[in-house]
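Every number in this text was worked out from the coordinates using simple rules, so none of it is lab data. Please read all numbers here as calculations on a predicted model, not as lab measurements. Backbone-built Cβ (ideal geometry, glycine too); neighbour counts: all protein chains shown.
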Amino acid sequence: MDHFYTLSNGNSIPKIGFGTWQAKGHAAVAAVKDALSLGYRHIDTAASYGNEAEVGQAISQSGVAREDVFVCSKLKTTYRGYENALTQFEKTLQALDMDYIDLYLIHWPANAKMHSDWEQINSETWRAFEEIYRAGKARNIGLSNFLPHHLQSLLKTAELCPVVNQIEFHPGYFQPDVLAFCQQNDILVEAWSPLGRGNVLQHRTLVQLAAVHGCTTAQLCLAWALAKGVLPLPKSVTPDRIRENIGVYDIQLSSTELKKIDSMLEFGFSGMHPDEVEF
Ligand code: A2P
C-alpha cells in the first residue's frame, strides 16, 4: 500500500489506521491479526483501552515485520505530568513488547473545569513527550482531544510541535474549528469514531450518497474523512467490515457532496466534550 500522509517532521503515516477501542482479549488479538492480513499497516491503541499487550501479540504473530507496522498508543489521563508520563511510556513499551512506538499521544488535555493548573499540567506532560521523542523511543509525538485553546496554550511552551491531534470526527460532528486550527498549524487530524460508533450509518443523507457511489455508508464516511485531509481510525472486530473499511481509496466525492455532508445537522456526538469530561 502506498497511501500515506506526510507529517510536519517529514515522517510518513498510513492514511487509514485500525481502531481498537473496546476490543479486548482474544477478540482484540484476532481483529488486529485480521486487519494486518487485510492490508492495514497502522494500528491505534491506548493504555486506557487495556489491550496494548494484545495488540503487541497480534503484531508479533502476524508475520508482518515490526518496522512495517505504524503503532500508536496514548498516555492514560490519570498519569499526566513529567515523571508519570516517562514512567507510563515505559509501561506501554513493555505491554506492547516493543523497543519503540511510531506515535505517542497525550490522550486527553487537562481542562480548566477539573484542574486549576491545567496549562502547567499539559506543558509538563509535553516536556516528557519531547524527551521520549528525542530519545528515539517514539518516532512521532502528538495529542488527542485538544481544542484550539488547549493547543494555543501548549504551543506557548512547546519546543516541538505536535504532529497529530486525534479528535472525534464523523458526519454530524466533525469540529470544523479544530480541523481549521490544526490544518493552519500543520497538525494532521486523526478521526476517532469516524463511523460515529456505527450510529450515523443509517442517516438518510449518507444512505442516499452511498447509493450514488455504490459503496456502503461506512465507506462513504471514510472517503469523506480522507477527502478532508483527515486520517480515519475505523474500529471493527468483524472481518468483512475490516476489509470494507480499507477499500475506500477509489471513492471520489464531488465538492457538492462534501458540502452536503459538512452541513448535516449535529448528529451522533458521543457527549465526550474535552472541557467537560475526561477519558
Ligand atoms: P463491530 O466492531 O462489531 O464490527 P467507530 O469506528 O466509529 O468507533 O465505529 C465502530 C462501530 O461501528 C463498531 O460497533 C463496529 O462494529 C461498527 N462498524 C465498523 N465498521 C463497520 C461497517 N463497515 N459497517 C457497519 N458497522 C461497522
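Here are the numbers for this structure:
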quantity: Every residue from segment 202-239 that is in contact with an Asp or Glu (Cβ under 6 Å, 6 or more places away or on another chain) and in a strand (DSSP E or B); calculated: Leu231
quantity: Single condition Asp250 does not satisfy, out of (1) of a type in the set (Asp, Glu); (2) in contact (Cβ under 8 Å) with a residue 24 or more places away in the chain; (3) farther than 20 Å from Ile167 by Cβ; calculated: (2)
quantity: Pairs with Cβ under 6 Å, 6+ apart, first in segment 20-33 and farther than 10 Å from Thr45 by Cα, second away from the ligand (no atom under 11 Å from the Cβ) and in a helix (DSSP H, G or I); calculated: Ala28/Glu54; Val29/Glu54; Val29/Gln57; Val29/Ala58; Val32/Val55; Val32/Ala58; Lys33/Ala58
quantity: Neighbours by Cβ (under 8 Å, 6+ apart or cross-chain): first from segment 217-241, in contact (Cβ under 8 Å) with a residue 24 or more places away in the chain and more than 8 Å from the ligand (Cβ to nearest atom); second part of a helix (DSSP H, G or I) and charged (D, E, K, R); calculated: Pro239/Asp34
quantity: Residue list for segment 1-32, restricted to those being crowded, with 22+ Cβ neighbours inside 10 Å, over 16 Å from the mean Cα position of the chain (by Cα) and not small (Gly, Ala, Ser); calculated: none
quantity: Yes/no for Gly63 being away from the ligand (no atom under 16 Å from the Cβ), without any contact (Cβ under 8 Å) to a residue 40 or more places away in the chain, within 21 Å of Lys228 (Cα to Cα) and not in a strand (DSSP E or B); calculated: no
quantity: Segment 168-186 residues that are surrounded by 17 or more Cβ atoms within 10 Å (Cβ to Cβ), paired with ones that are among the basic types (Lys, Arg) (beta carbon under 9 Å, 6 or more apart); calculated: Phe169/Lys228; His170/Arg197; Phe174/Lys228; Leu179/Lys228
quantity: Test for Pro274: is it more than 12 Å from the ligand (Cβ to nearest atom) and either among the β-branched types (Val, Ile, Thr) or surrounded by 16 or more Cβ atoms within 10 Å (Cβ to Cβ) (or both); calculated: yes
quantity: Residue in segment 176-190 that is out of contact with any Leu (no Cβ under 9 Å at 6 or more places or on another chain) and within 12 Å of the ligand (Cβ to nearest atom) present; calculated: no
